[in-house]
1. For the subset of the range 1-27 comprising residues that are within 16 Å of the chain's Cα centre (by Cα) and exposed (fewer than 11 other Cβ atoms within 10 Å of the Cβ), which member is nearest to Val69 (Cα to Cα)?
2. Name the residues in the range 5-61 that are of a type in the set (Gly, Ala, Ser) and in a loop (DSSP other than H, G, I, E, B), would you?
3. Kindly evaluate Asp30 against the criterion of being farther than 28 Å from Glu75 by Cα, of a type in the set (Asp, Glu), without any contact (Cβ under 8 Å) to a residue 24 or more places away in the chain and surrounded by 10 or more Cβ atoms within 10 Å (Cβ to Cβ).
4. Would you mention how many residues in the range 40-64 are surrounded by fewer than 13 Cβ atoms within 10 Å (Cβ to Cβ), over 20 Å from Asp18 (Cα atoms) and of a type outside the set (D, E, K, R)?
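What follows draws every value from the coordinates through simple rules; no lab data is involved. The structure presented is a predicted model; accordingly, all values stated were derived computationally and were not measured. Neighbour counts run over all protein chains shown; Cβ positions are idealised from the backbone, glycine included.
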Amino acid sequence: MKKMLTRPVTTFVEKLCDVKYYVMADPYTDPHFRPDPPFVMNNAYFDTIEEAEALKKEKEKGFFGELTVCELITELE
């Protein structure tokens, strides 16, 4: 008796993409109140990761929460 065998096949494809970096802010809030949602710090997107790291370092002093540098990848056609 023959059995059906399936296996995943992956192929790598190169695509032209636009990469932007931003600082995601997740503020710490009191659990007795409505939590503040995470947001993009200053609604600013940068072309290099160094600019995003500089904004993070600048805002870390006065911000009560967690700041992380993230990247936004947009496919261009």
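1. It comes out as Asp18.
2. Going residue by residue through the range 5-61, those that are of a type in the set (Gly, Ala, Ser) are 25, 44, 52, 54.
The answer is Ala44, and nothing else.
3. no
4. Qualifying residue count, the range 40-64: 3.
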